[in-house]
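Derivation of every value follows stated rules applied to the coordinates shown; laboratory data play no part. These numbers come from a predicted model, not from an experiment. Here Cβ is always computed from backbone atoms with ideal geometry, including for glycine, and neighbour counts include all displayed protein chains.
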Amino acid sequence: MQETAPDGKGMGMGVKIGMLLALGPLVLVSIPTVVLLGVAMLPTGVAFIVDRSLARMGWLCVGGINLAGTIPFLAQLWTEGHTVPHAVSLITDVFTIMVIYGAAALGWLLYMSVPQILGGFMAMTASRRIVALKAEQEKLVEDWGAEVKEGAEQAVAEFMRRGRVTDFEKPPGEAEVASRHPPAG
């Protein structure tokens, strides 16, 4: 489950006003582009609103692919006549909307599936590493005896439960370094 962003965090009012001042004149000059982008980028706006994860990367994934699906029609608008009626004819064409919103759906699909795929890959890699380490541990037991394995099951169980092992005050080897080099002060 993803953590949610803390309340009150985000863009400040000054940044929002600055963006409005910068984009205001652009909107007046290129109204057909704004009409097309306003309709085409709706899935990105929805993703920005509904994404409550701490990193808030969903809207970037959806927005990037949504924009990629919009660019061919934006280029068509710019090359075939930059007028509001042409922009409206583009956004009322079913094929155009299917391509643009299909690209946004692909962005959502990637945002939802890639972490799962990578998690599965990392789990497989970790399980292979565990098998290799157990084989190495058995070799050490053969070479050094069973006492090198004492406490390993408890440490593994604690690591699986907590994500860390706290049995040692200092990591192995650090005590020897600290005894050779006393702290300054």
When the Cα centres of segment 43-95 and segment 112-152 are compared, how far apart do they sit, in Å? 46
When LEU20, LEU77 are ranked with the fewest other C-beta atoms within 10 Å first, the list becomes LEU20, LEU77
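Based on the Cα gyration tensor of segment 14-117, what are the three equivalent ellipsoid semi-axes, each the root of five times an eigenvalue, rounded to whole Å and given largest first?
That gives 26, 20, 9 Å for the three semi-axes.
Relative to the present Cα-Cα distance, how much length would full extension add between ILE130 and VAL15 at 0.36 nm per residue of separation?
36.5 nm
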One finds, for PHE48 and ALA155 with R0 = 45 angstrom and r their Cβ-Cβ distance, a FRET efficiency to the nearest 0.05 of 0.55
Take the alpha carbon gyration tensor of segment 8-75, find the square roots of its eigenvalues, order them as a ≥ b ≥ c, and report rounded if a/c is under 1.5; if not, report prolate when a/b exceeds b/c, else oblate. oblate
